[in-house]
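Structure first, then comments.
Nothing in this text is a laboratory measurement; each read-out follows from the coordinates by a stated rule. None of the values given here were measured: they were computed from a predicted structure. Cβ atoms come from the backbone with ideal geometry, glycine included; neighbour counts cover every protein chain shown.
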Amino acid sequence: MNPKLSDRVNQMATSATLAMAAKARELREQGKDIIGLSLGEPDFTVPNFVKDSAIQAIKDDYHSYTPVDGYGDLKQAIITKFKRDNGLDYSPSQIVVSTGAKQSLANLAQVLLNPGDEVLLPAPYWVSYSDISKVAGGVPVEIPTSIESDFKVTPEALEAAITPKTKMMIYSSPCNPSGSVYSKEELRALANVLVKHPSIIVVSDEIYEHINFTGPHVSMAAFEDMYDRTITVNGVSKAFSMTGWRIGYIGAPEYIARACNKMQGQVTSGANCIAQRATISALETSPSAIQYMIDAFKERRKLILGLLKEIPGFKTNEPEGAFYVFPDISYYFGKTLKGKTIENSSDFALFLLEEANVATVTGQAFGDPNCIRISYAASEEDIKEAISRISQAVS
Ligand code: PMP
Ligand code: GLU
């Protein structure tokens, strides 16, 4: 018998997004024609100017360990980006570059949470927030929202969820999975609650910042009275289609940045040196250089919303950013489809995989068991075919 694994990993859920993507890959290898709308990753290639910088970095012999918190000139590019796009002032000692925003979030949980600390997660929330918190000893506290309120948390619901044990709140805007974008007024209303509770740290995940079809993006840290308690998380995976290059970063109060630097120094060291050099080009370039991707996502959103409207039992909000739709499919609960009784959204996602050959993700993993998440970061052809298959499977 093998020695036992730790309770820590045994109690951890497998990432539902990655698990579904792996399952789709496996079925494809078996010869099935699966359309993958499970993983949130742009289908564009990396812009040429970014690729060129990476190639140049290899030619220039970048090869060694980097400073744990990132190259100085990359940190400078991040500081300039934060000022340009978000009106935020950071100094180099407040910036930490990591191996993806996922590691930025994991660092934050590790350096801020003690066992029993509560982490507020307005639901639906990005799948990994919950387990990243739990593995650090935190206790996720979901704050339910509804499709009627565009899946946004109200100040009243936030206030009601706060206890003396609340340590942190994590949210994303634009939101993965709902696509909701908080306006300045909405964020200010949440900030008005949070300023009354100065021991709560806010983690503002802004990785979909540029994939925003509505008004301007607003950073929580831009409110003067929130700056000292907010960590701004961002990265290049989504906006620059650099998911596999693994670069994320934070702007944070200095003592938190220093702690993340210490944590990372014992776990992974600095992020990949070539990807860091390429990220300088990505961030120094005007966001207008990636507008073509945003325009394409906007067109696909229109396409998929139109197609989903035709399917009975699919209720959607209008996502204002990111590249997901998050339909409420609870209409199908208790119904028997092709001999299978659908009890919950996981059953429904599995049904779609098996009967429609379309990979989506159960809403359960995002804290909303009535929904499924469909990524429309796919070609128009695939979107059309996938929705037609879903429609046939449920009809
Ligand atoms: N936050 C959100 C909301 C995401 O959707 C993702 C997607 N992977 C991440 C963080 C992590 O991004 P990455 O580690 O690729 O930078
Ligand atoms: N963030 C993407 C998603 O939600 C990528 C997968 C992941 O990192 O979990 O699908």
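For TYR376, what residues show an amide H to amide H distance below 5 Å, using hydrogens built from the backbone and excluding near sequence neighbours?
Residues meeting the amide H criterion: TYR324, VAL325.
5 Å is the cut-off here: which amide hydrogens, built 1.01 Å from N in the peptide plane, fall below it relative to VAL203, excluding neighbours closer than 5 in sequence?
MET169, ILE170, TYR171, ILE231
Have a look at the stretch 246-354 and give its Rg and Dmax from the Cα atoms, expressed in angstrom.
For the stretch 246-354, the Cα-based Rg and Dmax read 21.6, 58 Å.
Using amide H atoms built 1.01 Å from N in the peptide plane, name the residues 5+ places from THR66, or on other chains, whose amide H lies under 5 Å from its own.
When sequence neighbours closer than 5 places are left aside, the close amide H contacts are GLY270.
What is the fewest-to-most order of GLU26, GLU385 by other Cβ atoms lying within 10 Å of their Cβ?
The order, fewest Cβ neighbours first, is GLU26, GLU385.
Taking the Cα atoms of the chain, report the difference between the largest and smallest coordinate on each principal axis, in whole Å and largest first.
On the principal axes, the chain reaches 59, 58, 53 Å in Cα extent.
Measure off 7 Å from each Cα along the Cα-to-Cβ vector at GLU159 and ASP43, then give the distance between these two points in nanometres to one decimal.
In this crude spin-label approximation the distance works out to 4.6 nm.
Can you tell me the orientation of helix 48-59 relative to the chain, as the angle in degrees between its alpha-carbon axis and the longest Cα principal axis, to the nearest 10?
The helix 48-59 is inclined about 50 degrees to the chain.
Run the helix sum for the chain: -39,500 (n - 2.57) per DSSP H stretch of 4+ residues, divided by residue count, reported at 222 nm to the nearest 500 deg cm²/dmol.
Estimated from H runs of four or more residues: -12000 deg cm²/dmol.
Along the Cα-to-C-beta direction of ASN114, a point sits 7 Å from the Cα; which residues of the stretch 194-234 have their amide N less than 15 Å from that point?
Output list for this probe position: 199-201.
If the chain between ILE55 and GLU381 were fully stretched, how many nm would it gain, using 0.36 nm times the residue separation less the Cα-Cα distance?
Full extension of this stretch gives 114.1 nm more.
Which order results if GLU343, GLU355 are arranged by neighbouring Cβ count within 10 Å, fewest first? Intermediate results must be reported in sequence, preceding the final value.
Working: GLU343 12, GLU355 17.
Exposure proxy ranking, most exposed first: GLU343, GLU355.
Quote the FRET efficiency, to the nearest 0.05, computed for LYS302 versus ALA189 with a Förster distance R0 of 30 Å and r equal to the Cβ-Cβ distance.
Efficiency, from the Cβ-Cβ distance: 0.50.
What's the FRET efficiency of ASN10 with HIS197 using the Cβ-Cβ distance as r and R₀ = 25 Å, to the nearest 0.05?
0.15
Show me 124-134, 244-254 ranked by packing, highest mean number of other Cβ atoms within 10 Å first.
124-134, 244-254
From the cross-link list LYS102/LYS262; LYS152/LYS298; LYS59/LYS262, which pairs have alpha carbons spaced over 23 Å apart?
LYS59/LYS262
Among DSSP beta bridges whose residues both lie in the chain, state the antiparallel percentage, nearest 5.
Counting only bridges with both partners in the chain, antiparallel ones make up about 45 percent.
Just to confirm my numbers, what's the Cα centroid distance between the stretch 1-37 and the stretch 289-342 in Å?
Between the Cα centre of the stretch 1-37 and that of the stretch 289-342, the gap is 24 Å.
In what order do HIS210, HIS197 fall by count of nearby beta-carbon atoms within 10 Å, going from fewest to most?
In order of increasing Cβ crowding within 10 Å: HIS197, HIS210.
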